[in-house]
Amino acid sequence: MKPLSVYVHIPFCTIKCGYCDFNAYAGMHGLMPSYRNALVREIAGWGDVLGRREVVTIGFGGGTPGEMPAEQIGEVVRAVRESSGAFTDDAEVSLEANPGTTSYRHFEGLRAAGVTRLSLGAQSFDTDELRFLDRIHSAEATEGSLQLAREAGFESVSLDLIYGLPGQEMATWERNLRRAIELEPDHISAYALTVEEGTPLAFRVGRGEVTPLDGDLVAAMYDRASELLEAAGFRQYELSNWAKPGHESRHNLAYWIDREYLGVGAGAHGYLGGERYENIAHPRAYIAAFGPDGGGRQEVGGGVRPAVAERYIPDRATALFDWLTLALRRIEGFAPEQFEARFGLGVEDAVGPVLDECERAGLLGRDGRVRLSRAGRQLHSEIAVRILAHLREQVVAAD
Ligand code: SF4
């Protein structure tokens, strides 16, 4: 049975943070019960697909899934479990939660609902930075939430951090990292702040109220994170993720190792049978698709799903590009045989000149596996652009 992952999107948040371009909405918590019903119906509609597969991970992302009542999360987990062909006790069920909106009782309920792994959106331990990010919690709330998660029995807890904030100094970032390490989580994710088009932060940058941090300092912060986290016993396994042994995010690995995943919920992305799709984004439209009249639903390839915002089978160049750039996000990279088994084409034939160029520049190594060097990790996006340009040129040349 081919393993499958399931991503469940929960689009509700207490407030919409100014830097966020996720499919997340504030002030809609009242929709949760009908949203849960829609999720359960969508999952049941995928019964033919799920029934043929072993579900190895479920990932609740958002939005803030931690704000959904534990019983409702439990119903969604049960719906996946009951529809899937196999669902073993060691399947990972991960959920993102925000500090300050949690309690011991809630965590206990999530454990009982089958959640095995928590990701806490700490982001920073600095009051001014948290305010800049519009986060509603304090550093103390993060500490308290981690403690409560442990008491409720969570053996795998991750802290998410953001760096590269406008005006941030290296010393503040180091303090954040050290405080996160002191709390002894099992996993830490660290992402550089990006200014996403259309967000309030982008408008503030456009009006000159906020100046993005210098790129060299952001790069130095990334290197410092690697140094401090590795010295504290965390192993980097992906560009932005470090874990204690055995605590890597198995759900997120699905994306990087080309495993298929079903995406359910408003705006969820999925990758199934070679097709990539994105569900209709707005929670009300999504709920309506699974309401009594069923408008906006469609039957496709063994499943019933809501109207999709986008649905396409990647052309060959895009499929090669997706595979390579995702595989290169992993610190261990990939073996050329894996690429060949997937595409029936040698990686050197596909992108040899780009790999040569990157190797000469010290960005990449080929020692039986193809992997980015420390310098290359900082330039993953630029390398991806070169890979895509080369693949497109080949397609044009072949035409
Ligand atoms: S809590 Fe997370 S998902 Fe929600 S608005 Fe803020 S950054 Fe976006």
How much of the DSSP bridge set in the chain is antiparallel, in percent, rounded to the nearest 5? 40 percent
Whole Å is fine, so just give me how far the alpha carbon centre of the stretch 304-368 lies from that of the stretch 56-83. 31 Å
Could you work out the relative contact order of the chain? I mean the mean sequence separation of Cα pairs under 8 Å and 6+ apart, divided by the number of residues, in percent. 15 percent
Name the longest site-free stretch of the chain, where the excluded sites are GluC sites (Glu not before Pro) in a DSSP loop with no more than 13 other beta-carbon atoms within 10 Å. 1-154
Along the dipole axis of the stretch 316-398 (charges at Cβ: +1 for Lys and Arg, -1 for Asp and Glu; origin at the Cα centre), the most positive-end residue among 327, 394, 344 is 327
Could you tell me what a quarter of the Cα convex hull surface of the stretch 316-398 works out to, in nm² with one decimal place? 4.8 nm²
Enumerate the calculated ³J(HN,Hα) couplings along the stretch 241-246 in order (Karplus 6.51 cos²θ - 1.76 cosθ + 1.60, θ = phi - 60°), each rounded to whole Hz, writing x wherever the residue is Gly or Pro. 9, 10, 9, 6, x, x
If each residue's Cβ is checked for other Cβ atoms within 10 Å, how do 159, 239 rank with the fewest at the top? 239, 159
Mind checking the stretch 140-210 for trypsin sites (Lys or Arg not before Pro) that DSSP puts in a loop (not H, G, I, E or B) and that have at most 16 other Cβ atoms within 10 Å? 207
When Lys and Arg each count +1 and Asp and Glu each count -1, what net charge do the other residues less than 13 Å away from residue 363, Cβ to Cβ, add up to? +2
Karplus-derived 3J(HN,Hα), 6.51/-1.76/1.60, for each residue of the stretch 39-54, Hz, glycine and proline x: 4, 4, 5, 4, 4, 4, x, 8, x, 4, 6, 4, x, 9, 10, 8
Please report, in cubic angstrom per residue, the volume enclosed by the convex hull of the alpha-carbon atoms of the stretch 1-69. 94 Å³
May I ask you to sort 32, 68, 1 by Cβ crowding, counting other Cβ atoms within 10 Å and putting the fewest first? 1, 32, 68
Just the C-alpha atoms of the stretch 1-144: what Rg/Rh do they give, with Rh taken as the Kirkwood radius? 1.00
By the mean-Cβ-within-10 Å protection proxy, highest first, 265-271, 281-287 rank as 265-271, 281-287
Distances longer than 18 Å among the Cα atoms of the stretch 55-106: what percent of all pairs is that? 34 percent
Kindly put 242, 256 in sequence by how many other C-beta atoms sit within 10 Å of each C-beta, fewest to most. 256, 242
Could you give me the percent of Cα pairs per 10 Å distance bin for the chain, shortest bin first, beginning at zero and ending with the bin that holds the maximum distance? 5, 21, 30, 29, 14, 2, 0
Over the stretch 158-243: Rg over Rh, Cα atoms, Kirkwood Rh: 1.02
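Since every read-out is calculated from the coordinates, none of them should be taken as a lab result. None of these values were measured; they are calculated from a predicted model. Cβ coordinates were reconstructed from backbone atoms using ideal geometry, including for glycine residues, and neighbour counts include every protein chain displayed.
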